[in-house]
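Enquirer: Would you mind keeping the following structure in view while I ask a few things?
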Amino acid sequence: MRIYECADYHAMSRRAANLISAQVILQPDCVLGLATGATPVGLYDQLVEWYRKGDLSFAETRTVNLDEYLGLAPTHRQSYRYFMQKHLFDHIDIKLENTHVLNGLAPDPQAECAAYNRLIRDLGGIDLQLLGMGHNGHIAFNEPSDNFGLETHVVNLSESTIDANQRFFASREEVPRQALSMGIKNIMHARRILVVVGGADKADMVCKAFTGPVTSQVPASVLQLHPDVTLVGDRAALSRLKEAGVSVCG
Ligand code: GLP
């Protein structure tokens, strides 16, 4: 695993955007697995800036997003489809039909999940999967649990995730209680994984995930078993990891 330590959020976002743009430049028709949350906003801004400068094109790129709230329409301001349009897709030359986000209003959520698994396979798998990490170690919406959710599935959100994500909604009551999410197997089958994590509040979890036992109680810990993971973090998020003796590069 490669670990890059960056001075702050801006530097972290630039480094992560550099790694994604390298992927797109080397393989223009690659399949990018994309993530939402507050963390990737800065790296999407950076990709948009490089696209506007003419340094980057997404004309052939395909994307699959990790997850979506169940019950939210794609046009809902807190849906992940809306997030992706607002922060990335509306500002670059990607073809809308090449962008894929689970449908939170699917009449049959199980069928939607099965179709998403087929879609990922039909696209040839994910070349580079971007991941953030929840405070409880969740990746996508794979919550701490007694077992790893393998493929795309319906998730009951944990109380701590509902708490963490209520900042995006007018009230806690409005946060959906369920989501559709890629599973650990979908994520682990990606050829390369890029984890981006910032802030002192994630430092303990980052340390636990990357130095502790591999357990479904800390879903991100499974990434220790992936052969090609790059972790990009700011100083605060990597502080405990460094205290534990893990070496990082600048
Ligand atoms: C959500 C998303 C995750 C994301 C996590 C962390 O729950 N489903 O994919 O990694 O939030 O978000 P943030 O970057 O806002 O801390």
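Enquirer: Scan around Leu231 for amide H atoms under 5 Å from its own, H built in the peptide plane at 1.01 Å from N, and keep only partners 5 or more places away or cross-chain.
Expert: The list, which skips near neighbours in sequence, is Arg2, Ile3, Tyr4, Val195.
Enquirer: Please figure out what share of the DSSP beta bridges in the chain is antiparallel and state it in percent, rounded to the nearest 5.
Expert: 30 percent
Enquirer: Here is a further query. Could you tell me whether segment 112-169 comes out rounded, prolate or oblate from its Cα gyration tensor? Rule is a ≥ b ≥ c as square roots of the eigenvalues, rounded for a/c under 1.5, then prolate if a/b exceeds b/c, otherwise oblate. Show your work: numbers first, answer last.
Expert: Details: a/c = 2.06, a/b = 1.81, b/c = 1.14.
Note, shape of segment 112-169 comes out prolate.
Enquirer: Which order do the peptides 136-142, 38-44 take when ranked by the mean count of other beta-carbon atoms within 10 Å per residue, highest first?
Expert: Highest mean packing first, the order is 136-142, 38-44.
Enquirer: With a cut-off of 8 Å between alpha carbons and a minimum separation of six or more residues, what is the relative contact order of segment 2-243 in percent?
Expert: So the answer I get is 24 percent.
Enquirer: Could I ask something else about it? Ranking Asp146, Asp127 by Cβ neighbours within 10 Å, fewest first, what do you get?
Expert: With the sparsest Cβ surroundings first, the list reads Asp146, Asp127.
Enquirer: A further question follows. Over 31 Å between Cα atoms, which of Lys86/Lys242; Lys95/Lys242; Lys86/Lys185 qualify?
Expert: Among Lys86/Lys242; Lys95/Lys242; Lys86/Lys185, the Cα-Cα distance tops 31 Å for Lys86/Lys242; Lys95/Lys242.
Enquirer: Test of understanding: ordering Met188, Met182 by Cβ neighbours within 10 Å, fewest first, what list do you get?
Expert: By the 10 Å Cβ count, ascending: Met188, Met182.
Enquirer: Spin-label point model (7 Å from Cα, Cβ direction): what's the Ala106 to Ser145 distance in nm?
Expert: 1.5 nm
Enquirer: Can I ask one more? Based on the mean of other beta carbon atoms within 10 Å per residue, what is the order of 21-27, 97-103, most packed first?
Expert: Sorting 21-27, 97-103 by mean packing, highest first, produces 97-103, 21-27.
Enquirer: Averaging sequence separations of C-alpha pairs under 8 Å and six or more residues apart, then dividing by the length of segment 61-146, give the relative contact order as a whole percent. If you can, show how the numbers build up before the last one.
Expert: On the way: 75 pairs, mean separation 23.5, N = 86.
It rounds to 27 percent for segment 61-146.
Enquirer: Just to check, using Stokes-Einstein with a Kirkwood Rh over alpha carbon pairs, what's the diffusion coefficient of the chain at 37 °C and 0.692 mPa s in µm²/s?
Expert: 182 µm²/s
Enquirer: Same structure, new question: When a/c reaches 1.5 or more, the comparison of a/b and b/c decides; with that in mind, is segment 6-69 rounded, prolate or oblate per its Cα gyration tensor?
Expert: Oblate shape, in that a/c is at least 1.5 and b/c is the bigger or equal ratio.
Enquirer: Around Val229, what is the net charge, scoring Lys/Arg as +1 and Asp/Glu as -1 over all other residues with Cβ under 13 Å from its Cβ?
Expert: +2
No value in this document is a laboratory result; all are computed from the given coordinates. No experiment lies behind these values; they were computed from the predicted model shown. Cβ: placed from backbone, ideal geometry, glycine included. Neighbour counts: every protein chain shown.
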